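First the structure, in the form of structure tokens, and then the observations on it.
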Amino acid sequence: MANPSTLTRRALLGVGGAAALAGTAAAWPRLTAADIPGRGQDALTILILGTSQDAAGRQAIADAFMQTHPDIPVLIQSVQATDWGDFFAKILTMVASGTQPDIVYTATEGAQLFAERLALPLDDYLLHDAEEMKDYFEDVHPSLIEAFMYKGSLYQLPLDFNAANMYLNLDVLERNGLEMPGEEWTKDDFTELLRGMKGDATPYYWTNRLFGGVVPWLYVNDTSFLVEERASGGEDFWSTFYPGEQRSGGYLWTGSNATDDRVHESFEHLRGLVSEGLAVRPEEGGGNTLVGLFASGRIGTTPAGGYWVQGLAEGGMRPEQYDVQFFPRWKTQRHQFGGAGYAVMKTTDKPDQAWEWIKYTASKEAMELAFPTPATTPTRRSMVNDNLYTGIGPEHWSRFYETLDRFPSSGPIPAPPQQAAVETALIRNVSTALSAGPDQVARSLESLDRDLRDVFAEEEA
């Protein structure tokens, strides 16, 4: 996700949805100690999703860390996977086989899986080094921190994030005599804008996954396909680092909400866009095809985060050819976001050294090494600036971070510990819901409800 790694959130999330973690261990990809070069060395082992080139790309951060901590050798290793779900499955396989990394870089999609089963809470370290850590927290929006809390404890320090904003192709707008919408635009304004593009470009292109799929439409309609609650706890943390903030001990997704009337309304809205020819069926394509289609003027609008800026530049699109706007308002303008950071594994025999790595990578020095280009949005507000976007980003690049300020109810991707099975159920039923008329939406949501109830029942068993 971070550059100098070549991975972006788009590449990491993949095209076809998450690989299911549910099922037997025999169904997981085989991964043995031989797959981890350097195993057995007395080094702090850090795993990332990616290729050997991605691991090499982070070597500058490791080298800088080891200059400050010459007594803590660091070994960064990559695990190749098709998406986050596949990555998490491989980590689980490694742990089960006795190959135990010290630190793993993971995203919101796996945050609660790690907190529940694999990771150590950071609370004691944070309070012990509170003075040292205040610089980080003063620079990071509290919504991002709350998203990585679980049942009152903080498990990761988010380093980058992306909200689901709306990208608009200004070439397409100009060809059709349309204006860039304002910040207060509504879903009805959005629909009319799409109608103005019909017959020219594909008006709305979206993908069938948790990020940028149906979930942003559920959020702006003040609902979700899961029951969302907040945990208690975290009072010492919030009073220490964000005095005056009324925050929770983290998000909890506790069951199915698929038969809620507003969920049906949101699905029906998307079905209507598809049936009117204003949007593609999401299974017709995925994230990897989007950059070229958008850059060539064949897509009018699509939801994406700040991670797309670098990809569009590499695809030959000039900053003046597109812009970004907040997601259109429905009943709310609540946005969806996802982030990522390092988790310290319970199995580590080097927890103190791992904490030093966590602290260092959250420093501005390390984050500037990690994010030299706009291939994602840094969680440090001070880094989202002209230096990062001038000459490469759209006119309103500031909206990437302003999303959190303008819409404080914005929340993370709905990703409980059973995230992979949850996403698999969602993807399957979104596909069927949009395959026919209104009656099919109701049938698919009933099916989604059954699938989700089964997932949560298995967790409780």
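For the pair M66 and E179, how long in nm is the line joining their label points, each one 7 Å along Cα→Cβ?
Here the modelled spin labels are 5.8 nm apart.
Sort 234-245, 290-301 for me by packing, meaning the mean count of neighbouring Cβ atoms within 10 Å per residue, highest on top.
Taking the mean over residues of other Cβ atoms within 10 Å, the ranking is 290-301, 234-245.
What do you get for Rg/Rh over the chain if you use C-alpha atoms and the Kirkwood form of Rh?
Expressed as Rg/Rh, it is 0.95.
Mind giving me the nanometre distance, one decimal, between the label points for V227 and D124, set 7 Å out from Cα along Cα→Cβ?
Taking the two extended label points, one gets 3.4 nm.
Taking amide H positions as placed in the peptide plane 1.01 Å from N, state which residues far from D160 in sequence (5 or more) or on other chains have amide H under 5 Å from it.
A340, T379
Which whole-Hz ³J(HN,Hα) couplings does region 242-255 yield from phi under the Karplus relation 6.51 cos²θ - 1.76 cosθ + 1.60, θ = phi - 60°, glycine and proline marked x?
9, x, x, 6, 9, 10, 9, x, x, 7, 10, 10, 10, x
If you look for lysine pairs in the chain that are eight or more places apart or on different chains, how many of them have Cα atoms under 19 Å apart?
Count of close lysine pairs: 8.
Please work out how much length the chain gains when fully extended from E265 to S398, using 0.36 nm per residue of separation minus the C-alpha to C-alpha distance, in nm with one decimal.
Using 0.36 nm per residue and subtracting the Cα-Cα distance, I get 44.7 nm.
What number, rounded to the nearest 500 deg cm²/dmol, is the helix-based mean residue ellipticity at 222 nm of the chain, given -39500 (n - 2.57) per DSSP H run of at least four residues and division by all its residues? Write out the running numbers ahead of the final one.
Values: 21 runs with 193 residues, N = 461.
About -12000 deg cm²/dmol.
Using amide H atoms built in the peptide plane, which far-off residues or other-chain residues are under 5 Å from L226 H to H?
Excluding prolines and chain starts, which carry no amide H, the hits are N257.
In nm, what is the difference between 0.36 nm times the number of residues separating D189 and D405 and their Cα-Cα distance?
So the chain would gain 75.5 nm between D189 and D405.
Please report the Cα spread of region 74-144 along all three principal axes, rounded to whole Å, starting with the longest.
The Cα atoms of region 74-144 stretch 39, 24, 23 Å along their principal axes.
Counting only C-alpha contacts under 8 Å and six or more residues apart, can you give the relative contact order of the chain as a whole percent?
With pairs under 8 Å counted, the relative contact order is 26 percent.
What is region 92-194's relative contact order, in percent, from Cα pairs under 8 angstrom and six or more apart in sequence?
22 percent
Based on the alpha-carbon gyration tensor of region 185-341, what equivalent-ellipsoid semi-axes (square roots of 5 times the eigenvalues) come out, in whole Å, largest first? Provide the component values of the computation, followed by the final result.
Details: eigenvalues 199, 89, 37 Å².
Over the Cα atoms of region 185-341, the semi-axes work out to 32, 21, 14 Å.
Considering amide H positions built from the backbone, and no H for Pro or chain starts, which residues 5 or more places from T45, or on another chain, come under 5 Å of its amide H?
Sorted by chain and number, the residues that satisfy this are L75, D102, I103.
For region 296-363, take the convex hull of the Cα atoms, compute a quarter of its surface area, and give me that in nm², please.
Working: hull surface 33.5 nm².
Computed as one quarter of the Cα hull surface, the answer is 8.4 nm².
Can you bin region 310-452 into rounded, prolate or oblate? Criterion: square roots of the alpha carbon gyration tensor eigenvalues sorted a ≥ b ≥ c, rounded for a/c under 1.5, prolate for a/b above b/c, oblate for the rest.
Numbers: a/c = 2.35, a/b = 1.27, b/c = 1.85.
It comes out oblate by the Cα gyration axes.
Bear in mind that the values in this text are calculations on the coordinates, not laboratory data. Quantities reported herein were computed from a predicted structural model and do not represent experimental measurements. Every residue, glycine among them, receives a Cβ derived from its backbone with ideal geometry; neighbour counts consider all protein chains shown.
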